[in-house]
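The values are calculated or read from the model by the stated rules, or taken from the named source; none is laboratory data. It should be emphasised that the depicted structure is a prediction, and the values quoted were computed from it without experimental measurement. Cβ sites come from the backbone with ideal geometry, for glycine too, and all protein chains shown count toward neighbours.
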């Protein structure tokens, strides 16, 4: 009996330790301000990424990999290299999507879906989504070496796509390290950023929309 | 995967294909994953970013397809109706299901392992091709 009690106590302590300390409202506010300040100072960024889509219906996952580049104020290149080639470039008003068989240039003024996709990708990667109080309800949790921010969409269009978005920031430099997109059908897409390079020169040509 | 491979030879296995759906003024591309078993096919279609477009279950004996989840921008009764019919036809062609849906109103082209199905009335084309060099990596969680 004593052994069982010790085991239960040990597992409770472990789970509490991994969950990190509970944060007060003021602490949460301070962390969000800190993360916002960090995202505001972000001029450019590049990283490689690994994206895993967890498919609930099939209990399966799909892994893809690639590279991303960002440059202020609103330029993003999201490039998949495996298992498929797919390039997504957003340069403010236009989106380019291209693969082996098709290349399209889409005006975001006339295509709301691509505008939303571009906005979500950019705001989550750079962390600016935290400051969009109109778009999300924001909550922060301490997760050991990370700050875990949960965004619950407020707007109808976004609600139709995601039930919540979770962003993980490294405590050491307040930079984003992981993005989790939760869908209504219980699917989840996890994006892990690796080899992050911040505020270094990113070639402007990467954001040029091919003709 | 050979698009015309019979369903019996791939029971309980997962198939991963690249897909593209083209209409007159729109295009959706991404990945199509299907689990084919003796009595049903469960399938998901999602875009390159991982955002789900359609989830469905197809029941072999009844030749019926049930749409389980449809992305907001496609979730209109008239789109669901067309999708239901067209995906059913595509499944019959992809997995060689016997006594499949009539090809009336559809145009089917096969180039090697790639399959193209066109709904002539609605001017919608469905392209499927195998995902090359795909392997599941174990360096991710879960």
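Of all residues in region A:57-73, those satisfying the criterion of being surrounded by 18 or more Cβ atoms within 10 Å (Cβ to Cβ) and more than 9 Å from every other protein chain (Cβ to nearest Cβ) are A:66, A:68, A:69, A:70, A:71. Just one of the listed residues (A:174, A:195, A:186) is in contact with a helix residue (DSSP H, G or I) (Cβ under 6 Å, 6 or more places away or on another chain) and on the phi > 0 side of the Ramachandran plot, namely A:174.
Restricting to region A:180-207, count the residues that are closer than 16 Å to residue A:70 by Cα and surrounded by 15 or more Cβ atoms within 10 Å (Cβ to Cβ).
Number satisfying all stated conditions: 8.
Just one of the listed residues (A:150, A:201) is in a strand (DSSP E or B) and over 16 Å from residue A:122 (Cα atoms), and it is A:150.
Among the conditions (1) loosely packed, with under 15 Cβ neighbours inside 10 Å; (2) within 12 Å of chain B (Cβ to nearest Cβ); (3) touching a helix residue (DSSP H, G or I) at 6+ places or on another chain (Cβ under 9 Å), residue A:106 misses just one, which is (1).
Take residue A:144 and tell me if it is on the phi > 0 side of the Ramachandran plot and under 16 Å from the mean Cα position of the chain (by Cα). Working first, answer last.
Values: on the phi > 0 side of the Ramachandran plot: yes; under 16 Å from the mean Cα position of the chain (by Cα): no.
No.
Inclusion of residue A:157 among residues that are surrounded by fewer than 17 Cβ atoms within 10 Å (Cβ to Cβ), within 14 Å of another protein chain (Cβ to nearest Cβ) and either part of a strand (DSSP E or B) or at pLDDT below 95 (or both) is warranted. The set of residues from region B:35-50 being outside any loop (DSSP other than H, G, I, E, B), closer than 24 Å to residue A:66 by Cβ and more than 7 Å from chain A (Cβ to nearest Cβ) comprises just one member, B:45.
For region A:111-122, the criterion of a residue being in a strand (DSSP E or B), free of Cβ contacts under 8 Å to residues at least 60 places away in the same chain, over 17 Å from the mean Cα position of the chain (by Cα) and buried (at least 18 other Cβ atoms within 10 Å of the Cβ) is satisfied by no position.
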